[in-house]
Every structure is written in C-alpha cells, then in structure tokens.
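Notes follow once the structure below has been shown.
The values are calculated or read from the model by the stated rules, or taken from the named source; none is laboratory data. If you're wondering where the values come from, they're calculated on a predicted model, not measured in any experiment. Reconstructed Cβ throughout: ideal geometry from the backbone, glycine too, with neighbour counts over all protein chains shown.
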Amino acid sequence: MYLKDEGRIWLATGDERVYIEPAMANRHGLIAGATGTGKTVTLKVLAESFSDLGVPTFIADVKGDLTGMCVPGEETKHIRRSIDNMGIDNFDYSSYPVRFFDVYARRGHPVRTTISEMGPELLSRLLGLTEVQSGVLRIVFRIADERGLLLLDLKDLRSMVQFVGDNAAEYKLTYGNITSQSIGAIQRALLTLEDEGGDVFFGEPALDLADWFDWDEDGRGVMNILECEELFLHPLLYSTFLLWMLSELYELLPEAGDLERPKIAFFFDEAHLLFNDAPKALIEKVEQVVRLIRSKGVSVWFITQNPADVPESVLGQLGSRVQHALRAYTPNEQKAMRYAARSFRANPAFDTERVLQELAVGEALVSVLDADGIPTVVERAGILPPRSSMNVADDETVNRVISSSPLYEKYTQIVDRESAYEIISAEREQEAEEAAKAAEEAAKAKEEVERKKAEEKAAREKEKEEKKKASQRKNSAVGKAASSAASSFGRELGRQIFRGIFGTFKK
Ligand SMILES: Nc1ncnc2c1ncn2[C@@H]1O[C@H](COP(=O)(O)OP(=O)(O)OP(=O)(O)O)[C@@H](O)[C@H]1O
Ligand SMILES: [Mg+2]
C-alpha cells in the first residue's frame, strides 16, 4: 500500500511530497477552506491513511457524503491525472472498514448518551442556563449522585429537578439557596429542549466509546462514522454531543506519553459550531481537553470553513494545517484571509495571501510538523485522491454494513432501565401513601390520648364536683359536656375544642 511506503502519511504533493509524521499526529490539525474546495476529501484521505496505519477513527459526517468510504473508489479523469502527476506508482482503489452510527437510528446503530454521563457543565450549555441556574443544576446532579439515582433521559432529569425544588428547604443547609426561579427556568429549558427533539438524544443504549477501537482482519483501523445530517439541524445538540465524546475519550484513555502513532483520530466537522457564542468557560474547557488529550494518544482534526472561526487558544494547538482556497470578497472575508495567511510560516517562493485565493479544488496550502515538532514552511500542494468512493453509498450498501456489524445486536435494543424518573415516581407514590397512613395513625393516637385525658379530667372534675357537690352543684354540667364532646366531634375540631375547654379550665 503506497501510503505506508515510508511509514508516514503521504497527504499531498507539491514541489515535494508532504508527509505527516504519525508520531506528530497527536499534535492535532486543522482542515479549512471555503465550501466545495475539498475539505471532506482531505478528511477522507487522512482517515484512510490512519486506517491503513492501524489507527481507528471517529468521523462526524455532517452532509452524509462519507458513506462512500465503505465502497472502493472509481477512476475519474481528475483522479487519473492526480495519480500520474503525483507519481503514485501503486495506487489501488479500496473500500474501508466502516461502522455507521446515527442518533436517530436511520442510517446507523442508534447511539445516545445519558444525562448522567453528559454531566451538568455541557448540559448547562445545551440548555442555555445562566451561571446561577447552572449552579443549581450542579446541585441537582450531586443530590442524584448521593442518592444513587441514575439520570438517563430527560424525564429523569425533569423529575429530579422537581424533586430538588420540592425539597429545597431541606437541601438549603448543605447546598445553599435553591430558588424556585432557577428551578422553574431549568424546567422550562428542559421542555424547550424536548420540543426541539432533544429527547431522542438521551437514553440508552449509551454509546460505549471503547467500541470505536477495532480493526479489520488486515489490521486496518475501523472508521466510526456518525451520521450527523439530522443531528446537525440542531447545531448546539450536535456540537455538544461531539464535545462530550471528546471528553469521554479523554476519561476513557490512560496517559500514554509520546507514541509512534495515535491510538485514534477524531474528526470534528463544522467545528466552528462549537465556538459560536460559546461562553468563555466552555472555550477554556475545549482548549484544555484538546491540550490534555494529546498525551492520551488522540489526534484531533477540526474542519471548518474559516480558521478565524476557531479561537486562537485552540488554533495554536493544531500542529498540521491544510488550508484550501478562501474567498475574500467582503472586508470581513479579506480580514479572515489575512489572518489565515499569517498563521503559516511563509514560503519565500510565493505570496501566501495571493495563492490562498488561487487554489484549485483539491489543492491546499499545507504546513505540518517535522520530526522535531517544528512547523514546516508552507507548501502549495495537491491533496492525494482518496482510495474509497467519493460518492454517497446507496441505502442497500449502508444497510448491509449496519446489519453485518458486530455492534448490531448491542445497539439495536432501546432500553428504559429503572432510573431517577421511575424511582422518584414510585417513591412519591409510596411516600404519599405512607404519609396518609401516618397522618391517619397520628390523628387516631392523638384522639385516643386526648380522649383519655378528657375522660381522666372529667373523672377528676367529677370527683371534685362530688366533693364540692354540696356547695357548688351548678358547675358539674361542664365536665359532662366535655366528655360527650370528645366522643362525638371529628379529629381537628375535637382537638381544638378540647384545647379550648381545658384552656379555660386551666385559667
Ligand atoms: N483531492 C481531491 N482529489 C480529487 N477530487 C477532489 C479532491 N478534493 C476535492 N475533489 C472534488 O471536489 C468536490 C468537492 O470537495 P469536498 O466535498 O471535499 O468539498 P468541501 O470543502 O468538503 O465542501 P463543503 O464545504 O461543501 O463540505 C469533491 O466531490 C470532488 O469531486
Ligand atoms: Mg465537506
């Protein structure tokens, strides 16, 4: 296989061949360029090379144009020309080992995540909560944890929020104020999320990221493709889900230090969505995850139209840059173009800014890290053609891949385990029953005690009365009235009456 010839990833050819050192791949990368300039094809070529090297990949497929990776490519004039021009001797078309996932279960194994796994930080972002409200959400999570309640889906979270709201006074001492305004705001945000279809996204089977690490019989890494066409209609849901997966990967993998090649490559398409209106805290979190995940052997690739969409703190950590053509008509676009050009180590042979606008489809300005981790001077180069098909695979082929996948059984059954919603509902019912019973018993006991007291008092009064009979005959009627009241009045009324009567007696 030509890509493995030098143990490196041959990505593009300009005056010279451009290779990505697998040992440097954990320094991440950026694929940028205007629409239709070749970003997805670049992603395909990279993912194929990783697979050939035995590195599994995760790829978000936003446009549904990656399904063709399970089908060998077909020769076109353009591809033939590239093969000849780039001097690729042993080019062969090939399909790749692909697994399809789809939150909506239409074109892939259904995958979800649970509320518990997503955690309060990402959920706050998804729900658009304020600082104070997300503080309350964190408390809700802690209480669920402490009580051992599983938060799987949205109805679990709703009943948990309700529960905490109902018991706010009790939790105040430990956790501080939980206002009904915050509880109300969270409930409303949850309803909105549900209306937007967020409920399909939470639940089980939850995606087990360990399943991504698999190889075919030739040792090629599996490509885990998440069909995102529909998910992408909810950009915040999409970007939060992907960010969650990145942080899960971080949690899952042990510290690995410098490896010969990454353990997995993660392709994040339409990455600008992650940063659109993102609060500073979230950007810091992304920046942190990207920085730390390096030593776990994960190679992260952001794909976006414009590098200016990615915050500088994140951009600064992306070692390899593949910049396809940029349009620069408006002042904003011109500014973004200058920014993109400046991010490269200039090549004295050409003017970066000018070339950026001239690049043909499938051509790019490329800079990678050399074996010492230093960014190479920018090269103008043509990206290699992919070996798998650039077309969309037909439904039959996709369905065959899905049903023959070893993960088919595991992810097909949608389950609804006993979790917070069921437990809290059951508890509520039981509590209500018990409370009613207890109230009844308490009332009975009290009635009994008070009846006895009344009888005793009445008896004492009677005694007194009898003693005083001779001198105070008129008072004896009161005690009799009290004792008859005790037997004939209802609980509450009776109690008040006793209080009143005895109160007056005490005086
Ligand atoms: N390296 C390449 N070799 C051969 N053909 C290519 C190459 N790159 C791009 N093309 C051709 O250009 C078309 C558009 O490329 P691609 O889909 O990668 O663009 P894109 O930047 O991902 O666009 P969008 O922003 O719309 O997703 C491809 O369908 C293919 O025909
Ligand atoms: Mg694309």
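Given the options Leu242, Leu249, name the one that is under 20 Å from Asp199 (Cβ atoms) and either aliphatic (A, V, I, L, M) or in contact with an Asp or Glu (Cβ under 6 Å, 6 or more places away or on another chain) (or both).
Criteria check complete, one pass: Leu242.
Of the residues in region 377-404, how many are free of Cβ contacts under 8 Å to residues at least 60 places away in the same chain and of a type in the set (S, T, N, Q)?
So the answer is 3.
Taking the criterion of being touching a residue at least 12 places away in the same chain (Cβ under 8 Å), more than 11 Å from ligand 1 (Cβ to nearest atom), at positive phi and not hydrophobic (A, V, I, L, M, F, W, C), would at least one residue in region 9-19 satisfy it?
So far as region 9-19 goes, no, none of its residues is touching a residue at least 12 places away in the same chain (Cβ under 8 Å), more than 11 Å from ligand 1 (Cβ to nearest atom), at positive phi and not hydrophobic (A, V, I, L, M, F, W, C).
Is there a residue being more than 17 Å from Gly148 (Cβ to Cβ), among the hydrophobic types (A, V, I, L, M, F, W, C) and outside any helix (DSSP H, G or I) anywhere in region 391-404?
yes
Which of the residues belonging to region 157-208 are part of a loop (DSSP other than H, G, I, E, B) and exposed (fewer than 13 other Cβ atoms within 10 Å of the Cβ)?
Residues satisfying the conditions are Asn167, Gly176, Asn177.
Please find, among Val136, Val132, the residue that is over 27 Å from Tyr411 (Cα atoms), surrounded by 22 or more Cβ atoms within 10 Å (Cβ to Cβ) and away from ligand 2 (no atom under 16 Å from the Cβ).
It is Val136.
Given the conditions (1) surrounded by fewer than 18 Cβ atoms within 10 Å (Cβ to Cβ); (2) at negative phi; (3) within 16 Å of ligand 1 (Cβ to nearest atom), which single one is not true for Arg106?
With respect to (1) surrounded by fewer than 18 Cβ atoms within 10 Å (Cβ to Cβ); (2) at negative phi; (3) within 16 Å of ligand 1 (Cβ to nearest atom), Arg106 is out only on (3).
Given the residues Asp65, Asp89, Asp84, which is the only one that is surrounded by fewer than 21 Cβ atoms within 10 Å (Cβ to Cβ), within 16 Å of ligand 1 (Cβ to nearest atom) and either part of a loop (DSSP other than H, G, I, E, B) or not assigned by TED's automatic domain parsing to the domain that holds Arg380 (or both)?
After applying the criteria, what remains is Asp65.
When region 61-90 is examined, which residues are found to be aliphatic (A, V, I, L, M), away from ligand 2 (no atom under 16 Å from the Cβ) and under 40 Å from the mean Cα position of the chain (by Cα)?
If the condition is that a residue be aliphatic (A, V, I, L, M), away from ligand 2 (no atom under 16 Å from the Cβ) and under 40 Å from the mean Cα position of the chain (by Cα), then Val71, Ile79 are the ones that fit.
Quick one: Tyr411 ticks every box in (1) crowded, with 21+ Cβ neighbours inside 10 Å; (2) assigned to a helix (DSSP H, G or I); (3) in the same structural domain as Val45 (by TED's automatic domain parsing) except a single one, so which number is it?
(3)
So in region 376-392, with the set limited to residues that are of a type in the set (A, V, I, L, M) and within 16 Å of ligand 2 (Cβ to nearest atom), which one is surrounded by the fewest Cβ atoms within 10 Å (Cβ to Cβ)?
Once the filter is applied, the top-ranked residue is Val392.
Which members of region 21-48 meet the condition of being small (Gly, Ala, Ser) and either outside any helix (DSSP H, G or I) or within 11 Å of ligand 2 (Cβ to nearest atom) (or both)?
Within region 21-48, Gly29, Ala32, Gly33, Ala34, Gly36, Gly38 qualify.
For region 356-375, how many residues meet the condition of being touching a residue at least 12 places away in the same chain (Cβ under 8 Å) and either within 16 Å of ligand 2 (Cβ to nearest atom) or assigned to a loop (DSSP other than H, G, I, E, B) (or both)?
Adding up the residues that qualify gives 10.
Would you check which residues across region 399-456 are among the aromatic types (Phe, Trp, Tyr) and modelled with pLDDT of 85 or more and list them?
Tyr408, Tyr411 - these are the residues of region 399-456 that are among the aromatic types (Phe, Trp, Tyr) and modelled with pLDDT of 85 or more.
Hey, any hits in region 117-138 for a residue that's of a type outside the set (Lys, Arg), touching a Cys at 6+ places or on another chain (Cβ under 8 Å) and not in a loop (DSSP other than H, G, I, E, B)?
So far as region 117-138 goes, no, none of its residues is of a type outside the set (Lys, Arg), touching a Cys at 6+ places or on another chain (Cβ under 8 Å) and not in a loop (DSSP other than H, G, I, E, B).
Are any residues in region 263-301 out of contact with any Pro (no Cβ under 7 Å at 6 or more places or on another chain), at pLDDT 90 or above, more than 16 Å from ligand 1 (Cβ to nearest atom) and not in a helix (DSSP H, G or I), and if so, which ones?
Lys263, Ala265, Phe266, Val300
Picking from Thr57, Thr40, which residue would you name as being crowded, with 18+ Cβ neighbours inside 10 Å, within 25 Å of the chain's Cα centre (by Cα) and away from ligand 1 (no atom under 12 Å from the Cβ)?
Checking each option against the conditions leaves just Thr57.
With respect to Gly362, is the statement that it is touching a helix residue (DSSP H, G or I) at 6+ places or on another chain (Cβ under 8 Å), away from ligand 1 (no atom under 16 Å from the Cβ) and assigned by TED's automatic domain parsing to the domain that holds Leu259 true?
no
Looking only at residues that are within 22 Å of Tyr96 (Cα to Cα) and aliphatic (A, V, I, L, M) in region 20-37, which one is nearest to ligand 1 (Cβ to nearest atom)?
The qualifying residue nearest to ligand 1 (Cβ to nearest atom) is Ile31.
The rows are residues; the columns are (1) modelled with pLDDT of 95 or more; (2) not in a helix (DSSP H, G or I).
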position	(1), (2)
Ile225	yes, yes
Glu229	no, yes
Leu237	no, no
Thr240	no, no
Leu249	no, no
